[in-house]
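Encoded as structure tokens, the structure appears first; notes follow it.
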Amino acid sequence: MISLDDAVVAKLESHGERFEILVDPDIAAKIRQGEEISVEDAVAALHVFENASQAERASEESLKKVFKTTDFEPIALHIIKKGEIHLTAEQRKVMTAEKRRQVITFIARNAVNPQTGHPHPPQRIDLAMEEAKVHIDPFRSLEELVKDTMKALRPLIPIKFEEIRVAVRIPSDYAPRAYGEISTVATIEKEEWQKDGSWICVVIIPAGIQNDFYDLINRISHGNADTKIIK
């Protein structure tokens, strides 16, 4: 369990009843976004309260009426996923800023300007989000936020998600190391080892990471690899 000092109130009102539990806001956010985390790791007390600040516990009758059970874990999960989580202004500011950074990074790595084929710099995406007045809810999933953000950005800047296929040839001196590093950033569509020990492959990468991918290939091969975009 977490410390009381790190806990905030998660509240759910239903059927004329109020239920509160004490949770870590960061862990609660991860649970809401689908991560498999033990409820016990997210809460400061294994109790459901009617009023947490006064340590007034919810009655068994009210729990059964609303949740059909008195077991803490399923009730706590329901409150975390469906309830309102009270954050301090500073907590919300920090969590929102981090989630905004994640959205910008994802879009910058996976989207391009279709007019040029090049990715938009993170700063341009950030400024467009400001202009579009994109709202970031720190408790929503990255996938949902990216989808809404892209919808808001399209009237302002030319942007779309795009993948490209790249053929790569790594000389034999560097080939054994190449597979592991390339597979961490790209989907290897097909591969073949040549008689001279070199390794060739076709990979799929987000168009927005082209420059980073080429930098990786050059680093692995000391500038001796061959690459070609496959249309």
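The values are calculated or read from the model by the stated rules, or taken from the named source; none is laboratory data. What you see is a predicted model; the values in this text were computed from it and never measured. When we count neighbours, we look across all protein chains shown, and the Cβ atoms used for this are built from the backbone with ideal geometry, even at glycine. The protein model used for the area step is the full one, side chains on, heavy atoms only, and it has no ligands, DNA or RNA in it. Shrake-Rupley method; radii C 1.70, N 1.55, O 1.52, S 1.80 Å.
For region 68-80, check the following and say yes or no: at least one residue is at positive phi and either open to solvent by 30 Å² or more (accessible area, probe 1.4 Å) or modelled with pLDDT under 95 (or both).
Within region 68-80, one or more residues are at positive phi and either open to solvent by 30 Å² or more (accessible area, probe 1.4 Å) or modelled with pLDDT under 95 (or both).
Has region 181-201 got at least one residue that is in contact with an Asp or Glu (Cβ under 8 Å, 6 or more places away or on another chain), under 18 Å from Thr116 (Cβ atoms) and either at pLDDT 95 or above or surrounded by 20 or more Cβ atoms within 10 Å (Cβ to Cβ) (or both)?
Within region 181-201, none of the residues are in contact with an Asp or Glu (Cβ under 8 Å, 6 or more places away or on another chain), under 18 Å from Thr116 (Cβ atoms) and either at pLDDT 95 or above or surrounded by 20 or more Cβ atoms within 10 Å (Cβ to Cβ) (or both).
Could you go through region 159-173 and let me know if any residue there is open to solvent by 20 Å² or more (accessible area, probe 1.4 Å), of a type outside the set (Ser, Thr, Tyr) and out of contact with any strand residue (DSSP E or B) (no Cβ under 9 Å at 6 or more places or on another chain).
Yes, the conditions are met somewhere in region 159-173.
In the list Ala55, Ala7, Ala97, which residue meets the criterion of being open to solvent by 20 Å² or more (accessible area, probe 1.4 Å), free of Cβ contacts under 8 Å to residues at least 24 places away in the same chain and under 17 Å from Phe139 (Cβ atoms)?
Ala97
Can you pull out every residue in region 100-145 that is more than 16 Å from the chain's Cα centre (by Cα), open to solvent by less than 90 Å² (accessible area, probe 1.4 Å) and more than 26 Å from Asp212 (Cα to Cα)?
Hits for region 100-145 are Ala132, Val134.
Among strands (runs of 3 or more DSSP E) lying entirely in region 108-220, which contain 2 or more residues that are in contact with a His (Cβ under 7 Å, 6 or more places away or on another chain) and over 30 Å from Lys81 (Cβ atoms)?
none
List the pairs whose first member sits in region 197-208 and is within 14 Å of Thr187 (Cα to Cα), whose second member is of a type in the set (Val, Ile, Thr) and assigned to a helix (DSSP H, G or I), and whose Cβ atoms are under 9 Å apart, counting only residues at least 6 apart or on separate chains?
Here the result reads Cys201/Ile182; Val203/Ile182, each pair linking region 197-208 to a residue that is of a type in the set (Val, Ile, Thr) and assigned to a helix (DSSP H, G or I).
Considering only region 38-80, how many residues are in a helix (DSSP H, G or I), under 16 Å from Leu22 (Cβ atoms) and among the aromatic types (Phe, Trp, Tyr)?
So the answer is 1.
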